[in-house]
Amino acid sequence: MKLTVAEKVIKNHIVSGDMIEKKEISLRIDQTLTQDSTGTMAYLQLEAMGVDRVKTKKSLAYIDHGMLQAGPENADDHLFIQTVAKKHGIYFSKPGNGICHQVHLERFAVPGETLLGSDSHTPTAGGIGMLAIGAGGLDVAIAMAGGEYYINMPKIVGVELKGELNPAVSAKDIILEVLRRCGVKGGLGRIFEYWGEGVKTLSVPERATITNMGAELGATTSIFPSDERTHEFLKLQGREKDYKEILADEGAHHSENIVIDLNELVPLAACPHSPDSVVPVTELENKKINQVAIGSCTNSSYEDLMKVARILKGKTVAEHVSLVISPGSKQVLNMLAENGSLADLIDAGARILESGCGPCIGMGQAPNTDAVSLRTFNRNFKGRSGTVSANVYLVSPEVAAVSALAGYVADPRNQVPDLNIPMPDNFLVNDNLIIEPAAVSEEVEVIKGPNIKEFPLGKELKDNINGKVLIKVEDDITTDHIMPSTAKLLPYRSNIPYLSDYCLTPCDENFPKRAKENGGGFVVAGENYGQGSSREHAALVPLYLGVRAVLAKSFARIHRQNLINNGIIPLIFDDKADYTTIGLLDELEIADIDEQINNNQLTVKNLSKNVEYKFNIDITERQREMLKMGGLLNFIKKQNRDKLAQGVK
C-alpha cells in the first residue's frame, strides 16, 4: 500500500482500529504540550488521575498567554504549573522563553513523532513533519498518563504546491488562499498534506506558518514532508540527530486534491471577522489603519522578523499608526538583538513586546474604538482583539510592515528591498529558561494559589433530561464567545465559578443568570458551534452552569470532543429547518436517554410547542460509555477501579 506522510506516521503510532476513513482509531502519543491558559486545568486533571510521572517521551508546559500580572492570579497559576510540572516529569518553559508553538518547533519537535497539545494551533509542528494535533486539556492529561488519543481516521487532502513564490508574497498568502477556497469548516475530518515541487522552496518556519493557520480550516492537522529543508533547519538548531526523512510514496492516494500555483499568488488579507473572508490586498489599498501588530505563533519567526526589520530600516512608522512586535521566542529576540535588527525595529518606532501571545488573545494592545488593525495573526473574530468595534485584518509580515510605514493598507510588491533572508550559520541556542523536572517527585511540593478552584465533574446520565432553552445562537459561534478569555478574565482560568458569570455573555449578557435561575438546561446553536481555540473552559463552564446537551446544526471538532469529555451531549439536527422552530425558554425533554443514546439518533420533545425533533449523535461505543458515565474522567476512574478489582481477584 502506497502511503502519504500522514498515513506513515499514523501507521507507526496506531494502537487500535484500521486506517479506514471515518472509523475510530487510537494513537500512541510521543509528546504533549500545554500553555498556561489551558494547562492549569490539564494538570489538575492529571493530578485527579493519580499519575506520579508522565509516560510520554517528552511533555512540556509553556507559559505564554497570561503574561500581564496586574494581580497575583497569573503568577500563582504559573507557580502551580511550574511545581506540578517539576513533580510529574514535565519540562517547564518559563515566561519570556517564548510562544509554545515557536519554541517547540525550534527545540523539541521531531519528524515522524506524534504531538498532542492543549492548544488549537499545535499543528504548527506539522511544518517539521510531525503529526501534531490540538485537543482539550483532558485529552492531553490522558496522553500524559500513558493513554491513547482517539480520533476518527481523517481524510487526507493533498495540497500540491507548484512553482515558487514571487518577491513580497509569503507563506501566509498560501494558507490564506487555502482558507479562501475551503472556508473555516472545510477541514473538518481532514488532514491537509502539502506536497509538490513548491514545497522545497519553503523553509521550515514558512511551512509552520501554513500548518499553524490550518487550524482555522477546522482540520485535524496539517503536515509537510520531512526532507532536506527539514534537515537544514534541525542542523542549524543543533538537533541534527532528530532528523528523519519522511516522504510520501510515489503515487500515494489523496481523498481530495487542491492545486496551488505559487507563481500566481498575490498578497492576500482576511477581512473582518473571519479568517476565510479573504481578498487580494489590492482591494484594500489606501484603507487608513490605526494599528499594526506583528507576531503570534503564525508569524514571529527569525525569518519573519528579519524581513520586517529590513523593510523598516531607516524609515519611520506613520504618525497615526501604533506598531507593536512580539518576537516568537527568546531565541528570535536574542538573534535580532545580536545582529542589530532589533535596533532597526526600535528606530522605526516599533514597540517591542514580550515573547508571548499578547495581542493575539486580547492580552493587551487592544485597538482604539472603531480602529482598523492589521495583524499577522491567525484569528480575527469579532472582539477577540479586546475592542468589539475594531476591524481586524489578517495579513503577512510584509504587508503589515509596508502598511505601518504608509499609514494605510499597502501592497508590498515593488515597494520593498530584497527580502531573501539567508539562514544564519547557526541559530542561537540557549535553553536556560527551560526547567527540567525533578529526579525524585516526592521532594517537590505543588503550590496552589487561592484562585485555583476544583473543576466540575459531569454526572451519570439520568433516564430523562428536562430543561429550558437557555440561549439560541447563530452560526460560527467561537469558544471566545462561549468563554471569553480577555485580559480581565484570563487570570481566572482556574476559577470556574468566577468564570461562570461571563459564559456566553458576548451573545447574551443574561445567559449566566438565566442558566442559574433555571438550574441548567439546553443550548441551541447553528453551524460550526465551538470553532476556534481548544479551550476546555468552553465546556467546563457550561457544565458548571448545568448545561447537559447542546443542540446544533454542526460542531467544530475539538469543542465537540470537549463536550463529550465533560459529559455534555452534542446533538446534531437531523433536519436543520427544525432549528428555526425552537425558541428561547422552550421546555425540552429527552426521555429514556439511557436507551436512546445506544442509537445514533435521538428524539427530543419540545413540550412548549408539542412537537418532536430528530437529532443525530454519531458517537463511538467508547464515547457512548463516556457520556453515560458523565465524562472521560469518570470513565477513566471506572476503568481503573475495574482493573484494580480484577487484580484483587
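The values are calculated or read from the model by the stated rules, or taken from the named source; none is laboratory data. Treat the numbers as computed from the prediction; the structure is a model and nothing was measured. Cβ placement follows ideal geometry from the backbone for every residue including glycine, while neighbour counts extend to all protein chains displayed.
In the set 247, 262, 312, which member is under 18 Å from residue 209 (Cβ atoms), touching a residue at least 24 places away in the same chain (Cβ under 8 Å) and among the hydrophobic types (A, V, I, L, M, F, W, C)? Give the steps one after another, and end with the answer.
Values: 247 fails: under 18 Å from residue 209 (Cβ atoms); 312 fails: under 18 Å from residue 209 (Cβ atoms).
Answer to the selection: 262.
List pairs: first residue in the range 462-480 and within 14 Å of residue 559 (Cβ to Cβ), second residue part of a strand (DSSP E or B) and among the hydrophobic types (A, V, I, L, M, F, W, C) anywhere in the structure, Cβ distance under 7 angstrom, at least six positions apart or on different chains.
Close Cβ pairs satisfying both conditions: 473/525; 477/525.
What strands (runs of 3 or more DSSP E) completely inside the range 274-333 contain at least 2 residues that are in contact with a Ser or Thr (Cβ under 8 Å, 6 or more places away or on another chain)?
Working: elements: 278-280, 291-294, 322-325.
Output list reads 291-294.
If I filter the range 193-227 down to residues being touching a residue at least 40 places away in the same chain (Cβ under 8 Å) and part of a strand (DSSP E or B), which single residue comes out as surrounded by the fewest Cβ atoms within 10 Å (Cβ to Cβ)?
Result: 195.
So which residues in the range 126-150 are part of a loop (DSSP other than H, G, I, E, B) and either of a type outside the set (Asp, Glu) or more than 20 Å from residue 620 (Cβ to Cβ) (or both)?
Of everything in the range 126-150, those that are part of a loop (DSSP other than H, G, I, E, B) and either of a type outside the set (Asp, Glu) or more than 20 Å from residue 620 (Cβ to Cβ) (or both) turn out to be 129, 130, 135, 136, 145, 146, 147.
Please go through the range 248-271 and give me each residue that is crowded, with 16+ Cβ neighbours inside 10 Å and not small (Gly, Ala, Ser), ordered by number.
Within the range 248-271, the first condition is being crowded, with 16+ Cβ neighbours inside 10 Å, and the residues that meet it are 248, 252, 254, 258, 260, 262, 265, 267-271.
Correct list: 254, 258, 260, 262, 265, 267, 268, 271.
If you scan the range 598-636, which residues turn out to be touching a residue at least 24 places away in the same chain (Cβ under 8 Å) and of a type in the set (D, E, K, R)?
609, 614, 618, 622, 624, 628
Can you tell me which of 398, 436 is closer than 21 Å to residue 350 by Cβ, charged (D, E, K, R) and either surrounded by 18 or more Cβ atoms within 10 Å (Cβ to Cβ) or at pLDDT 95 or above (or both)? Show your work before the answer.
Values: 436 fails: closer than 21 Å to residue 350 by Cβ.
One residue alone meets the criteria, 398.
Take the range 563-594 and flag every residue that is under 15 Å from residue 615 (Cβ atoms), at pLDDT below 95 and not hydrophobic (A, V, I, L, M, F, W, C).
592
Is there a residue in the range 367-375 that is in a loop (DSSP other than H, G, I, E, B), of a type in the set (Ser, Thr, Tyr) and in contact with a Gly (Cβ under 9 Å, 6 or more places away or on another chain)? First the steps, then the outcome.
To start, the set of residues in the range 367-375 that are in a loop (DSSP other than H, G, I, E, B) comprises 367-371.
Now narrow it down to the ones that are of a type in the set (Ser, Thr, Tyr): 369.
Keeping just the survivors that are in contact with a Gly (Cβ under 9 Å, 6 or more places away or on another chain) gives none.
Checked the range 367-375: no residue is in a loop (DSSP other than H, G, I, E, B), of a type in the set (Ser, Thr, Tyr) and in contact with a Gly (Cβ under 9 Å, 6 or more places away or on another chain).
Do we find that residue 144 is within 24 Å of residue 61 (Cα to Cα) and either buried (at least 24 other Cβ atoms within 10 Å of the Cβ) or modelled with pLDDT of 95 or more (or both) in this structure?
Working: within 24 Å of residue 61 (Cα to Cα): yes; either buried (at least 24 other Cβ atoms within 10 Å of the Cβ) or modelled with pLDDT of 95 or more (or both): yes.
Considered against the rule, which asks whether it is within 24 Å of residue 61 (Cα to Cα) and either buried (at least 24 other Cβ atoms within 10 Å of the Cβ) or modelled with pLDDT of 95 or more (or both), residue 144 comes out as yes.
Considering only the range 76-91, I want to know if a residue exists there that is among the aromatic types (Phe, Trp, Tyr), in contact (Cβ under 8 Å) with a residue 12 or more places away in the chain, touching a Pro at 6+ places or on another chain (Cβ under 8 Å) and assigned by TED's automatic domain parsing to the domain that holds residue 130. Even if it seems obvious, please write down each step before you answer.
Of the residues in the range 76-91, the ones among the aromatic types (Phe, Trp, Tyr) are 80, 91.
Imposing the further condition that a residue be in contact (Cβ under 8 Å) with a residue 12 or more places away in the chain reduces the set to 80, 91.
Restricting the remaining residues to those that are touching a Pro at 6+ places or on another chain (Cβ under 8 Å) gives 91.
Among the residues that remain, those that are also assigned by TED's automatic domain parsing to the domain that holds residue 130 are: 91.
Yes, the range 76-91 contains at least one residue that is among the aromatic types (Phe, Trp, Tyr), in contact (Cβ under 8 Å) with a residue 12 or more places away in the chain, touching a Pro at 6+ places or on another chain (Cβ under 8 Å) and assigned by TED's automatic domain parsing to the domain that holds residue 130.
Does the range 579-621 hold any residues that are touching an Asp or Glu at 6+ places or on another chain (Cβ under 8 Å), in a helix (DSSP H, G or I) and surrounded by 14 or more Cβ atoms within 10 Å (Cβ to Cβ), and which are they? So that I can check it myself, show each step before the final result.
Applying the first criterion (touching an Asp or Glu at 6+ places or on another chain (Cβ under 8 Å)) to the range 579-621 yields 591-594, 600-601, 603-609, 613-616, 620.
Then drop every residue that is not in a helix (DSSP H, G or I), which leaves 593-594.
Listed by number, the list holds a single entry, 593.
Could you go through the range 169-186 and let me know if any residue there is touching a residue at least 40 places away in the same chain (Cβ under 8 Å), assigned to a loop (DSSP other than H, G, I, E, B) and over 23 Å from residue 395 (Cβ atoms).
Scanning the range 169-186, I find no residue that is touching a residue at least 40 places away in the same chain (Cβ under 8 Å), assigned to a loop (DSSP other than H, G, I, E, B) and over 23 Å from residue 395 (Cβ atoms), so the answer is no.
Yes/no matrix, rows are residues, columns are (1) outside any loop (DSSP other than H, G, I, E, B); (2) on the phi > 0 side of the Ramachandran plot; (3) surrounded by fewer than 24 Cβ atoms within 10 Å (Cβ to Cβ); (4) in contact with a His (Cβ under 9 Å, 6 or more places away or on another chain):
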site: 498; (1), (2), (3), (4): yes, no, yes, no
site: 508; (1), (2), (3), (4): no, no, yes, no
site: 514; (1), (2), (3), (4): yes, no, yes, no
site: 519; (1), (2), (3), (4): no, yes, yes, no
site: 522; (1), (2), (3), (4): yes, no, no, no
site: 542; (1), (2), (3), (4): yes, no, no, no
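Could you give every pair whose Cβ atoms fall below 7 Å, whose first residue belongs to the range 405-430 and is closer than 15 Å to residue 309 by Cβ, and whose second residue is in a loop (DSSP other than H, G, I, E, B), counting only separations of at least 6 or pairs across chains?
Correct list of pairs: 405/315; 405/317; 405/318; 412/168; 412/267; 416/168; 419/167; 419/168.
Being more than 30 Å from residue 86 (Cβ to Cβ) and more than 27 Å from the chain's Cα centre (by Cα), is that true of even one residue in the range 446-460?
Applying the first criterion (more than 30 Å from residue 86 (Cβ to Cβ)) to the range 446-460 yields 458-460.
In the following step, the residues that additionally are more than 27 Å from the chain's Cα centre (by Cα) were identified as 459-460.
Looking through the range 446-460, at least one residue is more than 30 Å from residue 86 (Cβ to Cβ) and more than 27 Å from the chain's Cα centre (by Cα).
For the range 462-496, enumerate the residues that are closer than 27 Å to residue 589 by Cα, in contact with a Gly (Cβ under 8 Å, 6 or more places away or on another chain) and surrounded by fewer than 19 Cβ atoms within 10 Å (Cβ to Cβ).
Across the range 462-496, the qualifying residues are 474, 475.
State yes or no: is residue 307 surrounded by fewer than 23 Cβ atoms within 10 Å (Cβ to Cβ) and in the same structural domain as residue 366 (by TED's automatic domain parsing)?
Working: surrounded by fewer than 23 Cβ atoms within 10 Å (Cβ to Cβ): no; in the same structural domain as residue 366 (by TED's automatic domain parsing): yes.
So residue 307 does not fit the description; no.
For the range 453-461, check the following and say yes or no: at least one residue is buried (at least 21 other Cβ atoms within 10 Å of the Cβ), at negative phi and touching a Lys or Arg at 6+ places or on another chain (Cβ under 7 Å). Break it down into steps so the answer makes sense when it comes.
Initial filter on the range 453-461 (buried (at least 21 other Cβ atoms within 10 Å of the Cβ)): 455, 458.
Cutting the leftovers down to at negative phi gives us 455, 458.
From the residues that got through so far, the ones that are touching a Lys or Arg at 6+ places or on another chain (Cβ under 7 Å) too are none.
No; the residues of the range 453-461 include none that is buried (at least 21 other Cβ atoms within 10 Å of the Cβ), at negative phi and touching a Lys or Arg at 6+ places or on another chain (Cβ under 7 Å).
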